Amino acid sequence: MIDETGMRFVVLTFKEPDVDPVIVTFTVPLFQDYVSHLVKTAEAAGDEFNWRLPQ
């Protein structure tokens, strides 16, 4: 999406049954940072060491 000033945005819509959809809008740099964070989090979630309880 591009607004009237030429600024670019990424718009995501999350839909679940029986509730209104949620629309989340990000500027492109913020979205890129968010995706980068999700990639790191997904990699950490796949590491068995991160699922241990602290001693």
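The values are calculated or read from the model by the stated rules, or taken from the named source; none is laboratory data. It should be emphasised that the depicted structure is a prediction, and the values quoted were computed from it without experimental measurement. For neighbour counting, all protein chains shown are included, and Cβ atoms are generated from backbone atoms with ideal geometry for every residue, glycine included. What goes into the accessible areas is simple: the full protein's heavy atoms, side chains included, and nothing from ligands, DNA or RNA. Shrake-Rupley method; radii C 1.70, N 1.55, O 1.52, S 1.80 Å.
If you scan the stretch 9-49, which residues turn out to be over 14 Å from the mean Cα position of the chain (by Cα) and open to solvent by 80 Å² or more (accessible area, probe 1.4 Å)? If the condition is that a residue be over 14 Å from the mean Cα position of the chain (by Cα) and open to solvent by 80 Å² or more (accessible area, probe 1.4 Å), then Lys15, Glu16, Pro17, Asp18, Val19, Asp20, Glu43, Glu48, Phe49 are the ones that fit. Here Asp20 meets the list (1) at pLDDT 95 or above; (2) touching a Lys or Arg at 6+ places or on another chain (Cβ under 9 Å) almost entirely, failing just condition (2).
For beta carbons closer than 8 Å, sequence separation of 6+ or different chains, a first residue in the stretch 13-37 that is farther than 20 Å from Ile2 by Cα and a second that is basic (Lys, Arg) and not in a strand (DSSP E or B), the qualifying pairs are Pro21/Lys15. Scanning the stretch 7-52 for residues that are touching a Pro at 6+ places or on another chain (Cβ under 6 Å) and part of a helix (DSSP H, G or I) returns no hits.
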